[in-house]
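Worksheet for the structure shown next.
The values are calculated or read from the model by the stated rules, or taken from the named source; none is laboratory data. None of the values given here were measured: they were computed from a predicted structure. For neighbour counting, all protein chains shown are included, and Cβ atoms are generated from backbone atoms with ideal geometry for every residue, glycine included. Areas reflect the complete protein model, heavy atoms only, side chains present, ligands, DNA and RNA absent. Shrake-Rupley method; radii C 1.70, N 1.55, O 1.52, S 1.80 Å.
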Amino acid sequence: AHLAALVLARGGSKGIPLKNIKLLAGVPLIGWVLRAACDAGVFHSVWVSTDHDEIEKVAKQFGAQVHRRSPEVSQDSSTSLEAIREFLNQHPEVDIVGNIQATSPCLHPSDLIKVADLLQKEGFDSVFSVVRRHQFRWSEVKKGENKMTEPQNLNPAKRYRRQDWPGELYENGSFYFAKRHLIENGYLQGGKMAYYEMRAEHSVDIDIDIDWPIAEQRVLRFGYFGREPLKEVKLLVCSIDGCLTNGRIYVTEDQKQMVSYDYRDIVGIELLKKRGIQVRLISERDCSKTLSAMQLGCVAKANATNKLQVLEDWQKDMGLSWKEVAYLGNEESDVECLRKAGMSGVPADACVAAQKAAGYICKSNGGCGAVREFAEHIFLLLEKVTSARKQ
C-alpha cells in the first residue's frame, strides 16, 4: 500500500503571517515535521499541500514534493478533509494518507514508524495521536445561570495524587492517518481505529497551547535534529566580514580603512572559550590590521581564497569529526563550509544561498549580535547533548 505523508500548509494565517515557514529555533516551522517524515523511511512519498510560492520553495528544500492546492480548498473556512480529498483525487496511487500537522515541531521519526506498523502490519484503518493529561474537569456554568458547577472526572473529597491517577487521553492534533476509502467517505477517523500515545514532551502544538519563545525552548530540548546523534561542538569558525562585522568598510580622508563590530559578539566569543570551545576566524580579504586592533586572541586566516580547504585543514589538525565543528557564514563563498559543518548558522541578512545551506538563521544581522546569538544556540544544543547522555 502506498503510504503518503501530507502536510497541509496554506499561505493564509489569521494569527501569524506565513506561520508555516516562520523560523522556529533557526528552522522553518514546517521543516521540523518534514525532516521527521523524510527520515522515518516508511513513506513512499512526502508531500506539502500549499497555495503559496514561498512555502513551496521551503517544502522542496526539505525534500518534499508539492501539491498546489486550489483556491476552493485554501479559504479560511476550508477544512483539512476537503484539502486531503482534493489531494487524493489527483494522486490515485496513494492508498493511505498520514496528515501531519506543521504546528507539531517535536514530532520524531520513531513515532511515525510505529504508526505505519499499526496500519500496515496490524490492519488498522485509521490512527491518530493523543497525549495523556492529568487535568481535573468541571462542568461549565454559563453567565446568568443559577446553578453550581459539578466535578466531571474526580471526587473532590478524594482527590487523586498525580502519581496515583493514570490521567486521560486527549487528541493532540499532531497527526491523523487514514486509508483512502475512509477519506473518500468523509472521515479522518473511522473503521478499525487506534490511537497512538505521544510522549508529553513531544506534544507541542503552537496553534493551541504554546507561544513562539516557549516553543523554541521546547524544540531545542526535545526536537528531532537528524539521524546522526548530536556531539559537543569543540570548534566554531566564524567569517569575519558580514558576521563578526556588518560587512561595511569605512574609508577616512587619509585612506585608512575602519570596520565596526558589536561588543555583544566579543562577549559571545569569550563565553565560548570559557566553555572550552575554540573560536577561529576566517576572511577572504587582508584584514590582519583589523584583527590586531580587535585583540580577540583567536587563530585567524586572512586572504582565504578557499574557505573550505582552510576549514578542512583545521578540522583534521584538531582531530575533530564534522559534528564537532560549527560554522557561521553569510556569503556564497561560505556555502560549502555551511553544508560540511555539523552545526551551521548565518546572520539574518545573509545571502539567500547561505540561508538555504544553514541549519540556523539568526534573528540578528551581521555585526549586530549574530555571533552572540549563535553562541547561545550552541549552548542550548550542548545542554541537549548532556541531557541525552543522562537519559
Placing +1 at every Lys and Arg Cβ and -1 at every Asp and Glu Cβ, with all other atoms neutral, what dipole size does segment 277-345 have around its Cα centre, in debye to the nearest 20?
160
So if R0 is 41 Å, what FRET efficiency would residue 363 and residue 141 give, r being the distance between their Cβ atoms, rounded to the nearest 0.05?
0.40
Extension gain (nm, one decimal) between residue 16 and residue 155, 0.36 nm per residue minus Cα-Cα:
46.0 nm
If I stretch the segment between residue 214 and residue 280 completely, what's the gain in nm (0.36 nm per residue apart, minus their alpha carbon distance), one decimal?
20.6 nm
Round to a whole number: what % of the accessible area of the chain belongs to carbon and sulfur, probe 1.4 Å?
47
Ignoring ligands, DNA and RNA, what accessible area per residue does the chain give at 1.4 Å, in Å²?
51
Using 7 Å Cα-to-Cβ label points, what is the residue 1/residue 386 separation (nm, one decimal)?
4.6
Report the gain in length on full extension from residue 295 to residue 199: 0.36 nm times residue separation, minus Cα-Cα distance, nm rounded to one decimal.
29.7 nm
Flagged as over-length at 24 Å C-alpha distance, from 22/231; 256/307; 19/356, the pairs are 22/231; 256/307
Order the following by accessible area, largest value first: 279, 299. Probe radius 1.4 Å; ligands, DNA and RNA are ignored.
299, 279
Furthest towards positive pole of dipole, 101, 74, 224, structure part the chain, Cβ charges:
224
Value of Rg to Rh for the chain (Rh from inverse mean 1/r over Cα pairs, i.e. Kirkwood)
1.06
If the limit is 19 Å between Cα atoms, which of 114/323; 316/340; 234/316 go over it?
114/323
Size of electric dipole in segment 1-108: Cβ of Lys, Arg +1 and of Asp, Glu -1, about Cα centre, debye, nearest 20:
340
Which of the peptides 95-104, 108-117, 132-141, 360-369 is most tightly packed, and how do the rest follow, going by the mean number of other Cβ atoms within 10 Å of each residue?
95-104, 360-369, 108-117, 132-141
Restricted to the chain, the DSSP antiparallel beta bridge percent, nearest 5, is 35
Distance between segment 82-98 and segment 306-372 - C-alpha centres, whole angstrom:
39
